[in-house]
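S.K.: Shown below is the structure under consideration.
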């Protein structure tokens, strides 16, 4: 019963960057000041985008490919160790 | 036992970065934390909501767990079927409905009520951003009094439905309210719900910066203030017994309202009236906490 129509099963596959490189949306970039950081990981906890991981030196590392620059991490940081810096052109 | 940040960091989540969610989305924040507690042995059912958009376009998905998208009114009914299908296969999985406030409070209430009455073994989660956000900020049954939406340009004149209490009136084993501003409280409620059997309901207050016109960076702050100003009390009803889980820090309601443009232009009398309603609700909850069974 070949109808000659390709059958596509509508199942999406999980993948990072499902909506593209969302880092391009960013207007301000969060930068971690490692001298002020006390590793409380509140930035990790409150990050809506799950882009904060533990870097090789044990401090929070931000994945700028997908960080949308909302600034929640900078807002919740108790020691103000995260600064929001304007993205250059 | 209560969960700490270290417990949460150890668990793998089901959310992948780079989704189509708006910056500062409260729903993804709630999902990130909830999925870490629920673990990989979980199947999600999502009715039409912001979360259908957040998953991103076909053929990619930002959610790494099995997820079933379904029509607006059918989430709880589908989840009941999914749970029973897995049961027939001899597998014990957490079946979780992840619905918005429209799919819970308005359109999905019939299926939800039916599933609660039958005592289906599912967790129903409503992430409540208090309007139909993904279609463009129309009022819903969960929109608070006097809040601006595109369909209530002069502020909503009706009271929102008290959904957690409506579900609690079905005498289900577990009902809880949560807020993305208090993630540990949220995580512990999911932990408790996961270990229970029967119909469990969690209602999450979830900030929506584009819809509420609040600063994008203040997602957590707004949700925290909602609790601290008594606007969104955090409680749980376990087998009929109500317990307030977070004591608000007694901040004036104005601080919460000022952060969001949807409450802009309220007169002092209107704020006073809102404050009175909010405190009435809080005193009612204090009263319920003393009683042996709420329902």
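S.K.: Of (1) surrounded by 18 or more Cβ atoms within 10 Å (Cβ to Cβ); (2) assigned to a helix (DSSP H, G or I), residue B:184 satisfies all except one. Which?
M.R.: Every condition holds for residue B:184 apart from (1).
S.K.: Only one of these conditions is not met by residue B:169: (1) under 18 Å from the mean Cα position of the chain (by Cα); (2) free of Cβ contacts under 8 Å to residues at least 24 places away in the same chain; (3) surrounded by fewer than 18 Cβ atoms within 10 Å (Cβ to Cβ). Which number is it?
M.R.: (2)
S.K.: Among the residues of the stretch A:1-42 satisfying the criterion of being assigned to a strand (DSSP E or B) and within 10 Å of chain B (Cβ to nearest Cβ), which is surrounded by the most Cβ atoms within 10 Å (Cβ to Cβ)?
M.R.: Let us first name the residues in the stretch A:1-42 that are assigned to a strand (DSSP E or B), namely A:13-14, A:28-32.
So of that shortlist, the ones also within 10 Å of chain B (Cβ to nearest Cβ) come out as A:13-14, A:28, A:30.
Values: A:13: 10, A:14: 18, A:28: 16, A:30: 25.
Ranking the candidates gives A:30 first.
S.K.: If you don't mind, another one. Mind counting the residues in the stretch B:133-150 that are surrounded by 18 or more Cβ atoms within 10 Å (Cβ to Cβ) and out of contact with any helix residue (DSSP H, G or I) (no Cβ under 9 Å at 6 or more places or on another chain)?
M.R.: Count: 1.
S.K.: If we scan the stretch B:221-229, do we find a residue that is crowded, with 23+ Cβ neighbours inside 10 Å, without any contact (Cβ under 8 Å) to a residue 60 or more places away in the chain and closer than 22 Å to residue B:124 by Cβ?
M.R.: Yes, there is a match, as at least one residue in the stretch B:221-229 is crowded, with 23+ Cβ neighbours inside 10 Å, without any contact (Cβ under 8 Å) to a residue 60 or more places away in the chain and closer than 22 Å to residue B:124 by Cβ.
S.K.: Out of all the residues in the stretch A:43-53, which are within 8 Å of another protein chain (Cβ to nearest Cβ) and not in a loop (DSSP other than H, G, I, E, B)?
M.R.: Once the filter is applied, which keeps residues that are within 8 Å of another protein chain (Cβ to nearest Cβ) and not in a loop (DSSP other than H, G, I, E, B), the stretch A:43-53 yields A:44, A:45, A:46.
S.K.: Out of all the residues in the stretch A:60-83, which are touching a strand residue (DSSP E or B) at 6+ places or on another chain (Cβ under 7 Å), more than 10 Å from chain B (Cβ to nearest Cβ) and over 18 Å from residue B:21 (Cβ atoms)?
M.R.: Once the filter is applied, which keeps residues that are touching a strand residue (DSSP E or B) at 6+ places or on another chain (Cβ under 7 Å), more than 10 Å from chain B (Cβ to nearest Cβ) and over 18 Å from residue B:21 (Cβ atoms), the stretch A:60-83 yields A:60, A:61, A:81, A:82, A:83.
S.K.: Continuing with the same structure: Is it the case that the stretch B:56-67 has a residue that's closer than 25 Å to residue B:165 by Cα and in contact (Cβ under 8 Å) with a residue 40 or more places away in the chain?
M.R.: No, every residue in the stretch B:56-67 fails to be closer than 25 Å to residue B:165 by Cα and in contact (Cβ under 8 Å) with a residue 40 or more places away in the chain.
None of the figures in this text is laboratory data; all of them are computed from the coordinates on show. The structure displayed is predicted, hence computed values, not measured ones. We place every Cβ from the backbone using ideal geometry, glycine too, and count neighbours over all the protein chains shown.
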